[in-house]
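Enquirer: After the structure tokens below, expect a handful of questions from me.
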Amino acid sequence: MSDKVYNLAQLEEQGGGDAEFVSMMVDTFLEHTPGQLEEMKSAHSSGDSATLGAIAHKIKPNVDMFGIDAITQDIRDLEQMGKNGIINAETQEKMQKVEAELTIAFEQLKQH
């Protein structure tokens with residue numbers, strides 16, 4: 001799997017090229033985001049749209065900062081759908097895409 005689903009350019013720029021900063025941010029991302037993803041999946045499964053939207057809102061800055069471009073719009077859509085009380089087939093599709101991309105990102109970042 002040579003194609004990375006993430007891009008650390010923004011994070012590296014934010015850290016002024018400090019590799020330790022980037023490493024710390026990656027560790028923090030890997031520590032918190034998998035649990036948030038599980039919470040979001042659980043909220044989706046139980047029809048808790050408010051929690052789904054709130055957790056998508058928490059994950060959104062990480063998706064941006066880590067350059068996980070394939071789901072940039074999906075995480076925003078999930079946030080809005082959650083806030084608007086919408087859980088349907090489209091929500092399910094977006095959840096599956098977000099879960100798949102984040103899972104790949106977690107695995108790739110562990111190797112970083």
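Just so it is clear, none of the values below were taken in a lab; they were calculated from the coordinates. Only a predicted model underlies this, so the values are computations on that prediction, with no experimental measurement involved. Glycine gets a Cβ as well: all are built from the backbone with ideal geometry, and neighbour counts include every protein chain shown.
Enquirer: Determine which aspartates and glutamates satisfy two conditions relative to Lys110: a Cα distance under 13 Å, and not lying fewer than 8 residues away in the same chain.
Expert: Output for Lys110: Asp27, Glu31.
Enquirer: Can I ask one more? What does the extension gain come out to for Thr72 and Lys60, with contour length at 0.36 nm per residue minus their alpha carbon separation?
Expert: Additional length available on full extension: 3.6 nm.
Enquirer: Same structure again: Helix 89-110 versus the longest principal axis of the chain: what angle, 0 to 90°, nearest 10, using Cα atoms?
Expert: Around 20 degrees separate the two axes.
Enquirer: Also, quick follow-up: Starting from the Cα of Ala89, step 7 Å along the direction of its Cβ; do the same at Asp18; then give the gap between the two resulting points in nm.
Expert: Between Ala89 and Asp18, the simple spin-label model gives 5.0 nm.
Enquirer: Arrange the following residues from fewest to most other Cβ atoms within 10 Å of their Cβ: Leu30, Leu11, Leu102.
Expert: Listing Leu30, Leu11, Leu102 from fewest to most nearby Cβ atoms yields Leu30, Leu11, Leu102.
Enquirer: Let me ask something else about it. Nearest 10 degrees is fine. How inclined is helix 49-65 to the longest principal axis of the chain, computing both from alpha carbons?
Expert: In the chain, helix 49-65 runs at an angle near 20 degrees to the longest axis.
Enquirer: Just tell me which lysines come within less than 21 Å, Cα to Cα, of Lys83; anything on the same chain fewer than 8 places away is out.
Expert: In chain and number order, the partners are Lys41, Lys58, Lys60, Lys94, Lys97.
Enquirer: If you average the sequence gap of Cα pairs under 8 Å that are 6 or more apart and divide by the length of the chain, what percent do you get for the contact order?
Expert: Relative contact order here is 32 percent.
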